1. Considering only region E:26-72, state which residues are part of a helix (DSSP H, G or I) and of a type in the set (D, E).
2. Can you tell me which of (1) open to solvent by 50 Å² or more (accessible area, probe 1.4 Å); (2) more than 14 Å from chain A (Cβ to nearest Cβ); (3) closer than 30 Å to E:P247 by Cβ is the one E:E97 doesn't meet?
3. B:K147 fails exactly one of the following numbered conditions: (1) of a type in the set (K, R); (2) within 26 Å of the chain's Cα centre (by Cα); (3) within 13 Å of B:I222 (Cα to Cα). What is the number of that condition?
4. Tell me the residue from C:E131, C:E86, C:E104 that is assigned to a helix (DSSP H, G or I) and open to solvent by 20 Å² or more (accessible area, probe 1.4 Å), please.
5. Do any residues in region E:125-142 that are more than 25 Å from E:I203 (Cβ to Cβ) have Cβ atoms under 6 Å from those of residues that are modelled with pLDDT of 90 or more, where the two are at least six apart or on different chains, and which pairs are they?
6. Can you spot a residue in region C:199-206 that is open to solvent by 20 Å² or more (accessible area, probe 1.4 Å) and more than 19 Å from C:M59 (Cα to Cα)?
7. If you go through region C:18-75 one residue at a time, how many are closer than 29 Å to C:A216 by Cα and in contact with a Phe, Trp or Tyr (Cβ under 6 Å, 6 or more places away or on another chain)?
8. Within region A:11-58, restricting attention to residues that are open to solvent by 60 Å² or more (accessible area, probe 1.4 Å) and within 20 Å of the chain's Cα centre (by Cα), which residue is nearest to the other protein chains (Cβ to nearest Cβ)?
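The values are calculated or read from the model by the stated rules, or taken from the named source; none is laboratory data. Everything numeric in this text was worked out from a predicted model, so none of it was measured. Don't worry about glycine lacking a Cβ; one is built from the backbone with ideal geometry, like all the others, and counts go over all protein chains shown. Each accessible area value is taken on the protein alone, full model and side chains, heavy atoms only, with ligands, DNA and RNA left out. Shrake-Rupley method; radii C 1.70, N 1.55, O 1.52, S 1.80 Å.
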Amino acid sequence: MDPIFFGGLVITLVGIVVSMLIDGNSIGPLIGPSSFLLVFTASMGAGIMAYRKSELVAMPKSALQAIKSDVPDVQDTITALARLAETARREGMLALENKLEEIEDRFIGLGVQLLVDGADEKVVQETLEIELAATDERHTTAIDFYKGLAGYAPTFGMVGTVIGLINMLGNLEDPGQLGRGMALALLTTLYGVLIGNLLFNPIAMRLERLNEVELAALEVAIDGILSIRAGASPRGVIERLEAYLPPSERIGVGDRLAKPGTSTEAA
Amino acid sequence: MDPIFFGGLVITLVGIVVSMLIDGNSIGPLIGPSSFLLVFTASMGAGIMAYRKSELVAMPKSALQAIKSDVPDVQDTITALARLAETARREGMLALENKLEEIEDRFIGLGVQLLVDGADEKVVQETLEIELAATDERHTTAIDFYKGLAGYAPTFGMVGTVIGLINMLGNLEDPGQLGRGMALALLTTLYGVLIGNLLFNPIAMRLERLNEVELAALEVAIDGILSIRAGASPRGVIERLEAYLPPSERIGVGDRLAKPGTSTEAA
Amino acid sequence: MDPIFFGGLVITLVGIVVSMLIDGNSIGPLIGPSSFLLVFTASMGAGIMAYRKSELVAMPKSALQAIKSDVPDVQDTITALARLAETARREGMLALENKLEEIEDRFIGLGVQLLVDGADEKVVQETLEIELAATDERHTTAIDFYKGLAGYAPTFGMVGTVIGLINMLGNLEDPGQLGRGMALALLTTLYGVLIGNLLFNPIAMRLERLNEVELAALEVAIDGILSIRAGASPRGVIERLEAYLPPSERIGVGDRLAKPGTSTEAA
Amino acid sequence: MDPIFFGGLVITLVGIVVSMLIDGNSIGPLIGPSSFLLVFTASMGAGIMAYRKSELVAMPKSALQAIKSDVPDVQDTITALARLAETARREGMLALENKLEEIEDRFIGLGVQLLVDGADEKVVQETLEIELAATDERHTTAIDFYKGLAGYAPTFGMVGTVIGLINMLGNLEDPGQLGRGMALALLTTLYGVLIGNLLFNPIAMRLERLNEVELAALEVAIDGILSIRAGASPRGVIERLEAYLPPSERIGVGDRLAKPGTSTEAA
Amino acid sequence: MDPIFFGGLVITLVGIVVSMLIDGNSIGPLIGPSSFLLVFTASMGAGIMAYRKSELVAMPKSALQAIKSDVPDVQDTITALARLAETARREGMLALENKLEEIEDRFIGLGVQLLVDGADEKVVQETLEIELAATDERHTTAIDFYKGLAGYAPTFGMVGTVIGLINMLGNLEDPGQLGRGMALALLTTLYGVLIGNLLFNPIAMRLERLNEVELAALEVAIDGILSIRAGASPRGVIERLEAYLPPSERIGVGDRLAKPGTSTEAA
């Protein structure tokens, strides 16, 4: 569970509330469960209209993944590949088969399986690149879904306000009600903007960032698996793959091969 | 008929109505057939101005197709191609001619016809890719048309509100009428936003999704037909084409070739 | 004169007027020649500021062309090229010179002239592609011009309203005038939106569609002229070029070569 | 000085004023030097924040260039190159050195210098293409600067209006002042829209058009200089380069070589 | 510290204040620390939600870098590479090792290290291009972060205004409070627009400009290092790399090699 996602949300809400208290505004009139209901439900309903069931069932998981930030790390990917290169060098390509069940990363596991099967270089590369493209496409579908919701939320917030105004304008007899009716109407505008900017949009933006991070790790993994297939030494694999890291994060050969027992789990 | 399209619409409307009832708003003032008429008719009129008759006649069918989600499925495409590969292997390329009338998918049928005619690899590929590009272009025209309508709807909703305001402002003598005139004027804004976001935009978004799905299936079909032409075994065709599927959906050789009598219908 | 352009305009205006009458609004207060004048003139003035005289003189013709939908048709292009291929096959490439004055399509005429001159394949292709790119660029300039006007119209409509409001707010003494002044001010907003969405934008969108259609026809023409240069038979030219058409529109060899006397005029 | 830039401005202002007079609005309340000052100064200040001094000093010159429309013309470029080709053919490549000081166009001068130096074909092409890319980049920086100002103007216009409203709302005691305060506040909105749409945006749009025109001329110049280097005849250079012109503007060999004494000045 | 960043800010604020004083508005009602607090804190909170801790810690440094404009200069890069070429020519490639600690630019240092190691041409190029791409990506992440904040600021300004309005509308009893409440509510709108357009957006825009400048310098550096590796003379390196400069900034061989003692520090 990434603390920054909720930390950012809390900072925003604290900033709003503290500013309100300084100005002498009260929080009571801002509590509107019906406004939350309208914006959230209407956005969800409109958002799902464009998708098919098989795509929608994966959406809650994507939101959770965004919040948990559970993505492959280039560092772990490099270490895992260095150790696989060591095994391949010492005990031969077929010895990688014994490592298969230790590998937690599905993508690296697929690559190692192809190495064990003795697949052609072109086949290894094409298969892994199709996997990478399919991963990107699945992520993009989720990003677009939450971006869509982020756009619908202020729209339906505005819809709720217009509905409230129309009702209020039809009952102008009681001017004392006027202010309260208008305040209530404006509440859905407020909830629409907040739900869009503090819930749906951050999920979409975070999924977009994580997709970039994961695709970078998968590209490193493809490069490493092809290097192992070409018979590169563990040192060669590490030097090649660390070029993808900023200089300050390059650990070097020694540290990466130090604890072989835990390598593939880390990946 | 895809239940999600109407399901999403119902969820949105229920969310709006329940929230209204909680707030004590009534539905009566929101009923405005004239506002619906203005937004729908004016958007349609403006939307068609950019197109030619031959393009417009296909638009209602596209909308229906979006709602019905009737697109080729990669799974069925792979199974159909595996069985065609089996026939080609066992009985020769010319035996595919007998299968032609069983094939329901027009695109695969075109590919098989080219195989039967003994067309060049380059000719097979170019012809199928021109077909694919033409399919994409037809879909894109429909997507753009409904995106256009989704943009016109809130605009003409606003036009209706301005017209109502101008009339109301010219008759300020009766202040009792003021509220009701303004409520009526706002109604077209409401209908414009709802028709745009719950009718035209979902159709456009869904057509866009379905186009992506169909183009992916056509690309798999091109790959499969070229593999059959190159003499690949049914197993080879399946292994190659299943790489396009997420791992969880890879059925394997056994299941795909089990019921040869129904293969091409499924496609 | 394409009936759809004016048909769409009429549908929109009828939809607006009928809805107004149902709501009991009157048309009188919406008549504002000065608002039309402001929006149209100011948009035009701002729109031309970015262009040079030689570009601007072609703009009225582009608007007329959009309304008339007078573009080359792929069908006619294919038929014309098939007949030219027939002549080239039977009587030799130089015999095409006699056909030159019958060819109405300037682009095909240029291609045939190159064939008669015995130009290199590379020269034929490059010359025709430069022509195609120049056509695209001229069209794009016109599309951008009308898109610009479509954006200026609502902006200057808003300018007119702000000017009206400023004048009205300076003369608040007579509250009876207030409503009428505000109604008049709002009128330019209405005209801005309508002129933008029912005049300038449809012209821009239609020019964009027609450009796509024309470029497709030119690409088919380039392909056909190169095929004739390579000595393809009329049947070969037809089969190659019909691949660009949707299957339902493929006429076949018989029909295309039936009436040779009228072929080039159709192009 | 291109009359269209100021002509468009005048047309817009006349359209606005005539429409105002028809509606009985007066021009007096629209005169607001302080609103002009706020919008212009604040937009400029915000606009320069993103740039470095060396970039900013070139901005006024770019604006002048947009208004003056002083760009190389493809026609002149072709004529100049044809005459240089003639000299190179008759008197040899080194004779071009004598022509160097007659050449007014810096880009063609650079190309000729490279020819005189006997530079490699690849060196000539790369050097001229780097020049072209640098020209494009300098222009794009200016275009982006004025586009930025065009976006800031309405924003600061709105800022001025909000400032006026806040001041007015704090002094509601005198309702007679209310209207005048609000009118004054709205004035900056008006100036923001006008300055954005009639000053900064037209400059940006015009720079964009001129950049397209100039880059097209530079591409023709590169093609021509490489042709001269390859030993093409004046006729060959003209025929090759006129393919870039629309057919109606192709002058032909005779006219281009008629007055050799004035050729390079025209460029 | 680049004076233009603060200069632009000051010009904007002076323009606003002078215009206010001319119109007789007072500055007092515009002072709202709570509005600044709301907009700044809420924008920050929402902005960080999409990023990971390791990315966020670099953001303040990026903002400082934007304000300081501390980027590599192409001029210095060319001079430094010319002097390194001189050393390599006179004393051999290994002599560059002694220069390594004098080189301040990390990127050039990395390139020289690769030369000293005798790395393959392909390895040198790929390693430096991966570095360049990683630099671009780091910058782009920062640009996107500040662009995000620039978008959030007006949104939360509007949120503050809606909150103020809702509170005000719930307490309409005291009409004397009405104006002051509304003025206070509008203040966050003002701060949202100003903070977005005078703080966050200029930082984003400036980072974007500086990124372009730095990437151009890195591309020149890659070209120069590969030239040194290929054994180019100092003169050859200078002539090749100065082609990237506008003609007016080409210093030539003499000036670049004049003061060898200070060359690498300048880079």
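1. E:E55
2. It fails just one condition, (3).
3. (3)
4. From the options C:E131, C:E86, C:E104, the qualifying one is C:E86.
5. E:L128/E:G111; E:L128/E:I222
6. no
7. Adding up the residues that qualify gives 2.
8. A:S54
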